[in-house]
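First comes the structure, then the notes that go with it.
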Amino acid sequence: MSVTSQLLKVFRVDKQLRGLRSRLDAAERFLAVQQGALREIDEKKGAIDLQVKQLRASGVNDEGEAALLETKMATLRDQMNAAKTAKEYNAFLSELNHFKESKTSFEETALEAMGKVEQLEQQATELGKQRAERARMVANAEADRKTKEAEIKDRVAELTAQRVALAAGIPAETIKTLELLIKQRGDDAMASVEVLDRRNHEYSCTACMMTLPVETVSAMLSGRLTRCVSCSSILFTEEDLLAVVPKAAKAPKAPKTGKQVAKT
């Protein structure tokens, strides 16, 4: 048996495995999408939680600064009441006004932070609802994937063992070539040769539909691993591609000589 014939058996087993796994692959892709969406929600929620934590800390700090200034202002008021000169009083008053402005600024910043915290908490609540729904979808997708995996488990194991046995007699590099082509071209990794005109030795690759040189077909028929010159698919055939040899034409009769004519 030629290496191409052996490879064709492996290719067909692989094709069955891909067919069996197609629904499972789709379920796994759907699960991956749902898990990705869930991670995205968790990342957004984590970022919001961090912002809330920072804003709360900032608000507490601003409130503390405002309280500290209030204490200083109370001290200044006492000093103002005890001032002995107008100059001294005005100096205390100027410093008091400065503290008032700073205190107001800290209070406004604290209020702004608390306002942002409320907005972020609303977003976090909405994300919590989205997460619950997405988590439910992830759970359903996981269950669906497990169901589909169980349905094909035995057949996949059987075909996998069959593939291992078939591949054992084929050079590793040849198997790697097939696997690479399957990744690149899927079911067109191997292509049969189509007869266009047997008498005139015209053939084509069924993968790309391009005409094949006679030398390529000859190489394949000799048992060598042969690839299409146009699309690189591995070529095979399961029918006799040898051209029909036309019957030889009858040789023309020799003209009769004079003696022959006389005899007649």
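The values are calculated or read from the model by the stated rules, or taken from the named source; none is laboratory data. Values in this document were obtained by computation on a predicted structure and should not be read as measured data. Because the Cβ atoms are built from the backbone with ideal geometry, glycine has one as well, and the counts that use them run over all protein chains shown. What goes into the accessible areas is simple: the full protein's heavy atoms, side chains included, and nothing from ligands, DNA or RNA. Shrake-Rupley method; radii C 1.70, N 1.55, O 1.52, S 1.80 Å.
Distance between the C-alpha centres of the range 193-228 and the range 85-114: 94 Å, rounded to the whole angstrom.
Charged neighbours of residue 23, selected by a Cβ distance under 9 Å, balance to 0 (K, R count +1; D, E count -1). Net charge in the neighbourhood of residue 113 (other residues with Cβ under 12 Å of its Cβ; Lys, Arg +1, Asp, Glu -1) is -3. On the chain, 54 percent of the accessible area sits on carbon and sulfur atoms, based on a 1.4 Å probe. Spin-label model, residue 1/residue 87: points 7 Å from Cα along the beta carbon direction are separated by 11.4 nm. Residues whose amide H falls under 5 Å from that of residue 227, counting only those 5 or more places apart or on a different chain, are 235, with hydrogens built in the peptide plane.
With a Förster radius of 41 Å applied to the beta-carbon distance between residue 51 and residue 157, the computed FRET efficiency rounds to 0.20. Of the DSSP H helices in the chain, those with a Cα length along their own long axis of 27 Å or more and a mean Kyte-Doolittle hydropathy reaching -1.0 comprise 3-81, 86-167. Listed by chain and number, the aspartates and glutamates placed with their C-alpha closer than 20 angstrom to that of residue 183 are 14, 25, 28, 173; residues fewer than eight positions away on the same chain are left out. FRET efficiency for the pair residue 114 and residue 44, taken as 1/(1 + (r/R0)^6) with r the Cβ-Cβ distance and R0 = 22 Å, rounds to 0.55. Solvent-accessible area per residue in the range 75-159 equals 71 Å², computed with a 1.4 angstrom probe and all protein chains kept.
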